[in-house]
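Worksheet: the structure to be examined is printed underneath.
No lab work stands behind these numbers, since they all come straight from the coordinates. Remember, it's a predicted structure, so these values are computed and weren't measured experimentally. Ideal geometry is used to build each Cβ from the backbone, glycine not excepted, and the neighbour counts take in all protein chains shown.
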Amino acid sequence: MKEQWAIVVVLGLLAACSSPSSIPGNSGVIVDTKNTNMANYEVDLKECETYAGQVPTAERTATGAVSGAVVGGAIGGIRGGSDRAVTDAGVGAVLGGTAGVASSVREMDRVVKNCMRGRGYRVLN
């Protein structure tokens with residue numbers, strides 16, 4: 001039982017960290033820098049990353065965790081009673097929270113890319 005929890009937690013952490021934009025200082029955006037003033041680029045990138053920081057990551061993570069716990073608990077209750085419901089609710093909460101984080105990271109990446117495009121950069125990815 002403890003091994004299952006450890007696996008779920010490790011997989012959840014790996015999924016949350018799987019995007020380059022989740023690494024501080026790396027937005028994951030690739031732009032064509034030909035004829036680009038790199039000082040202006042750095043300023044624009046930092047401003048766009050600030051906008052991306054407005055994505056409600058904590059709320060999405062919490063919503064995903066609650067939704068996952070409800071679904072996991074219901075499935076666990078159907079499959080094996082109250083003990084199984086508690087276990088499956090915990091697994092569902094971790095997986096749902098991880099999905100919320102992943103959704104936020106993807107949106108933050110989109111925000112940065114759209115912001116940079118709006119500032120005239122040619123975004124390659």
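The string of couplings for the range 94-105 from the Karplus curve (6.51, -1.76, 1.60, θ = phi - 60°) is 5, 5, x, x, 5, 5, x, 5, 4, 4, 5, 4 Hz, one whole number per residue in order, with x for Gly and Pro. Computed 3J(HN,Hα) for the range 120-125, one whole-Hz value per residue from the Karplus formula 6.51 cos²θ - 1.76 cosθ + 1.60 where θ = phi - 60°, is x, 7, 8, 7, 9, 10, glycine and proline marked x. 3J(HN,Hα) along the range 48-58, derived from phi through the Karplus expression 6.51 cos²θ - 1.76 cosθ + 1.60 where θ = phi - 60°, amounts to 5, 5, 5, 4, 5, x, 7, 5, x, 4, 4 Hz, with x in place of Gly and Pro.
Evaluated at q = 0.10 Å⁻¹, the base-10 log of the normalised Debye intensity for the range 32-125, with identical point scatterers placed on the Cα atoms, takes the values -0.43.
For Tyr121, the shell of other residues with beta-carbons less than 15 Å away shows a net charge of +1, using +1 for Lys and Arg and -1 for Asp and Glu. For Ile30, the residues whose amide H sits under 5 Å from its own are Leu124, Asn125, ignoring neighbours fewer than 5 places away on the same chain, with H placed 1.01 Å from N.
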